[in-house]
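Engineer: Below you will find the structure I want to go over with you.
The values are calculated or read from the model by the stated rules, or taken from the named source; none is laboratory data. Quantities reported herein were computed from a predicted structural model and do not represent experimental measurements. Please note: Cβ atoms are built from the backbone with ideal geometry, for glycine as well, and neighbour counts cover all protein chains shown. Protein only, heavy atoms only, side chains kept; ligands, DNA and RNA dropped before computing areas. Shrake-Rupley method; radii C 1.70, N 1.55, O 1.52, S 1.80 Å.
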Amino acid sequence: LRDFLLVYNRMTELCFRHCVCNLNYRLLTGREESCLDSCAARLVRANHRLMGAYVGLVPALLQRRAAEHGAPGGPSELPASPDSV
């Protein structure tokens, strides 16, 4: 949850700084709203690609780490949940 909130807050800050240029009005302009939508969509797609690549690399990293320490490795050695570590 903490990591999700950090990513969400960073994304919000980046898109806000990039898209909102006038703070004189309570509501966003159409241009600002469109910019924010596309900015958030780009960042979400990028995050999904990065997470997909990370998930693909984790088994190989675990096997290499296990081999370095002389223990049998594999994805089956992952904890059932992050809270069980």
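Engineer: Tell me, which residue of segment 55-85 that is in a helix (DSSP H, G or I) and at pLDDT below 85 is most open to solvent (accessible area, probe 1.4 Å)?
Structural biologist: Only one residue tops the list, namely 83.
Engineer: Pairs only if they're at least six apart or on different chains, beta carbon under 8 angstrom, first in segment 1-24 and touching a residue at least 12 places away in the same chain (Cβ under 8 Å), second assigned to a loop (DSSP other than H, G, I, E, B) and not polar (S, T, N, Q); list them, first residue then second.
Structural biologist: 20/28
Engineer: State whether the residues of segment 22-30 include one that is more than 23 Å from residue 4 (Cβ to Cβ), modelled with pLDDT under 90 and hydroxyl-bearing (Ser, Thr, Tyr).
Structural biologist: Yes, there is a match, as at least one residue in segment 22-30 is more than 23 Å from residue 4 (Cβ to Cβ), modelled with pLDDT under 90 and hydroxyl-bearing (Ser, Thr, Tyr).
Engineer: Would you check which residues across segment 12-48 are loosely packed, with under 10 Cβ neighbours inside 10 Å and basic (Lys, Arg) and list them?
Structural biologist: Selection gives 26 alone.
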